[in-house]
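The values are calculated or read from the model by the stated rules, or taken from the named source; none is laboratory data. These numbers were taken from a predicted model, which means no experiment stands behind them. No Cβ is skipped: glycine too gets one built from the backbone with ideal geometry, and neighbour counts run over all protein chains shown.
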Amino acid sequence: MAPVWKNIYKVDFETVLGKSNNRKEVEVQIRIFKQILAKKPPKIWLDFFKELQKKSYQFTNLNEEYRIYQLPNNPELVVLIVRNECLKKYIMNAEYHNILIPNKDISKVKKHLKKSGFLIEFD
């Protein structure tokens, strides 16, 4: 949470995902938010937490020089990767929802995806 004013905080995908690197860490962040905010958060918060969990994936590498991944069946993620100008600099599209990312650019891609609400584990 980023403080905006006394007892007022800005919360978005990036602030919640923060330094999280995998789905378990996201779940811990959600539990912490629930403890801080309310044990029974309003529907808007529950929807936000569900969205975070739905956007957490682990990709498995299939190559040495490039990392090759198959995208999950998530139209929002596919559109983001195909159309986002920043991501297009680092990601090459292949057939059958596969993508190639040079090893040197993984951290840049991960950071940009996190800004868009996707937590992707690259192995």
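Below are the figures for this structure:
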quantity	calculated
All strands (runs of 3 or more DSSP E) inside the stretch 20-116 with 1 or more residues being touching a residue at least 24 places away in the same chain (Cβ under 8 Å), aromatic (F, W, Y) and surrounded by 13 or more Cβ atoms within 10 Å (Cβ to Cβ)	56-59, 66-70
Breaking point among (1) assigned to a helix (DSSP H, G or I); (2) modelled with pLDDT of 85 or more; (3) in contact with a strand residue (DSSP E or B) (Cβ under 6 Å, 6 or more places away or on another chain), for T15	(2)
Per-region count, the stretch 1-10, residues assigned to a loop (DSSP other than H, G, I, E, B) and more than 23 Å from S107 (Cα to Cα)	2
Among (1) at pLDDT 85 or above; (2) over 16 Å from K115 (Cα atoms); (3) of a type outside the set (S, T, N, Q), the one test that K54 misses	(2)
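Yes or no, residue by residue, for (1) touching a Lys or Arg at 6+ places or on another chain (Cβ under 8 Å); (2) at pLDDT below 85; (3) of a type outside the set (S, T, N, Q):
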| residue | (1), (2), (3) |
| --- | --- |
| E27 | no, no, yes |
| K34 | no, yes, yes |
| I44 | no, no, yes |
| N61 | yes, yes, no |
| R67 | no, no, yes |
| L71 | no, no, yes |
